[in-house]
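Visitor: Structure in structure tokens, see below.
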């Protein structure tokens, strides 16, 4: 539900803050005072489209923000696990608007997708529930307590669609089987013949560099051996002479033995280095034939890289993949037969479950029809006829789109507002006020376990009065025990039945129009209801009638009205 609403620079609203509470709230005021602007502000928070004309003259942008209290997990937004989320919408005079949830930028479309979980608006053009017939099927199933059966149907539908996709993919692969098998065999043979080893290309690159510089390397090795071992002034002979001198000197100088050990260690290192250089020289013939063989090997690897992957690991991974695909193709006929059996079994299961759901809908839809007719009769549509039409929509394996999670029926609500008129789709012929009253009837029959939401009714009092107004008021009060209900009304009976009353007024200051909202206390509320009774000329009789209406309304749970400010 909405706990807090702030609107800035939207039409005639400059800066308005409104605190809302649980239960039943009404907004009253003169026609044109700006009541509908508040509903428009909530529409924006629910992801509705906007026009730059919404922005107040002279302002660069309008903004709306609200704190929604939701059940845990009701909304798929960051931070919505707690008691509430803050939703903000910015409407620029020029450019693209933005939406935020708990300070995080989100697509505006996300607000629209999630809005149905927190609020419904029922006005002249807002009956999305009734105007989209898929909602009719959901409502009927909820009335029937058929969720478990719906879940079985949806699960069978998903399994069947999955099996059909697998079969279609396998059939497509089998159609191109011969050509594909030839290609796979060629690729497998080409890679296997190469006999690739991980890291081989790096080793070959290094070997190629050695072979390209074989002459230079040999000269450097000879020079190193000359300096360390073979030359007249080579290091190893000199070190041998140095060791002999140090041995003779050791008895006379204490530091010499340590230095002698260092010289001996260096001589050992130099000897190992020299032997290693000799082995390297002997093991690298460095002929042109060797270089040519390395180049040929690298060329083979390079061609495979261009075809199958940037490196040897990727080429070998591709080899594993195409081997598996070759095996699948070889075994494809057997798999296809298995999938045919699986499709048949899952289709039978889907049809059985969907058939049970369809039978339940058909058998018990008349119960809903009678209850709705009774409800809407109390709401001023005494002669109206209502029908929940269940139409078969058979599933077919040749049309996967016909395999629906909702089963094999279409459900649509039909209405005949007056005797003698043909039943026709509710979404096409009912007026805004009639739609609001039908929606109120549907909501009144809703299950007590449904999630709490904010339900906003606009124009529900169009064309009604007297007992019908009393019935509407009672329905709204009853609905407010499970939901937060907000109603814009001009009827004193409905206004007197609310737990919280707000007055919307428009004023002109310095040639500018301003809309403000005031939470009415007991005295002001009596005067406002008296105004609704008698118009601008409030009399003691109208005041007394207002007091009696409020006293006769069983909303004794009222607390101090939540506040509002401009």
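What follows is calculated from the coordinates using simple rules that are stated; it is not laboratory data. Keep in mind that what you see is a predicted model, and the values were worked out from it rather than measured. Virtual Cβ from ideal backbone geometry, glycine too; neighbours counted across all protein chains shown.
Visitor: Between the alpha-carbon centers of the stretch 143-181 and the stretch 18-40, tell me the distance in whole angstrom.
Guide: When both Cα centres are located, 50 Å separates them.
Visitor: How many Å³ per residue does the convex hull of the Cα positions in the stretch 178-330 occupy?
Guide: Each residue corresponds to 147 Å³ of Cα convex hull volume.
Visitor: Using r as the Cβ-Cβ distance of residue 220 and residue 295, and R0 as 22 Å, what FRET efficiency do you calculate, to the nearest 0.05?
Guide: The calculated FRET efficiency here is 0.40.
Visitor: Turning to a different aspect of this structure: Once the piece of chain linking residue 452 and residue 60 is laid out straight, how much longer is it, given 0.36 nm per residue of separation minus the C-alpha distance between them?
Guide: Full extension from residue 452 to residue 60 adds 137.5 nm.
Visitor: Angle between the Cα long axis of helix 522-534 and the longest principal axis of the chain, 0 to 90 degrees, nearest 10?
Guide: Taking the Cα atoms of the chain, the angle to 522-534 is about 60 degrees.
Visitor: Determine the percent antiparallel among the DSSP beta bridges restricted to the chain, to the nearest 5.
Guide: Of those bridges, close to 75 percent are antiparallel.
Visitor: What value, in deg cm²/dmol to 500, does the helix sum -39500 (n - 2.57) over DSSP H runs of n ≥ 4 give at 222 nm once divided by the residues of the chain?
Guide: Using -39500 (n - 2.57) per qualifying helix, the result is -17500 deg cm²/dmol.
Visitor: Let a ≥ b ≥ c be the square roots of the eigenvalues of the Cα gyration tensor of the stretch 151-266; is it rounded (a/c under 1.5), or, if not, prolate (a/b larger than b/c) or oblate?
Guide: oblate
Visitor: Then there's this: Note down the nm distance, to one decimal, between modelled labels 7 Å out along Cα→Cβ at residue 527 and at residue 307.
Guide: It is 9.3 nm.
Visitor: Would you please put 495-503, 543-551 in order of how densely packed they are, using the mean number of other Cβ atoms within 10 angstrom per residue and starting with the highest?
Guide: 495-503, 543-551
Visitor: Now for a different question. With r defined as the distance between the Cβ atoms of residue 234 and residue 178 and R0 fixed at 60 Å, what FRET efficiency is calculated, to the nearest 0.05?
Guide: FRET efficiency, residue 234 to residue 178: 0.25.
Visitor: Mind sorting 112, 475 by how few other Cβ atoms lie within 10 Å of their own Cβ, fewest first?
Guide: 112, 475
Visitor: What area, in nm² and to one decimal, does the C-alpha convex hull of the stretch 313-425 cast on average over all directions?
Guide: So the mean shadow area of the Cα hull is 12.2 nm².
Visitor: Oh, and also: On a full-extension model of 0.36 nm per residue, what is the gain between residue 445 and residue 259, subtracting their alpha-carbon distance, rounded to one decimal in nm?
Guide: Here the segment from residue 445 to residue 259 would lengthen by 56.7 nm.
Visitor: Here's something else I'd like to know. How high is the relative contact order of the chain? Use alpha-carbon pairs under 8 Å, at least six apart in sequence, and give a whole percent.
Guide: 22 percent
Visitor: Follow-up question, since we're still on this one. Sorted from largest down, what three extents in whole angstroms do the Cα atoms of the stretch 367-495 have along their principal axes?
Guide: That works out to 59, 39, 23 Å along the principal axes.
Visitor: Give me 427, 443, 297 ranked fewest to most by other Cβ atoms within 10 Å of their Cβ, as a rough exposure proxy.
Guide: Fewest to most other Cβ atoms nearby, the residues stand as 297, 427, 443.
Visitor: Simple spin-label model, 7 Å along Cα-to-Cβ: residue 133 to residue 356 in nm?
Guide: So the two model labels end up 2.7 nm from each other.
Visitor: What ranking of 122, 54 emerges when the number of other C-beta atoms within 10 Å of each C-beta is taken as an exposure proxy, fewest first?
Guide: Placing the least packed residue first, the sequence is 54, 122.
Visitor: Then there's this: Read through the labelled values (i) 174; (ii) 188; (iii) 333 and report the label of the one computed as volume of the Cα convex hull per residue in Å³ from the structure.
Guide: (iii)
Visitor: If each of residue 383 and residue 200 carries a label point 7 Å out from its Cα toward its Cβ, how far apart are those two points in nm?
Guide: 9.3 nm
Visitor: Pulled fully out, how much extra length does the chain show between residue 397 and residue 15, if you take 0.36 nm times their separation in residues and subtract their Cα-Cα distance?
Guide: Contour length minus Cα-Cα distance gives 131.7 nm.
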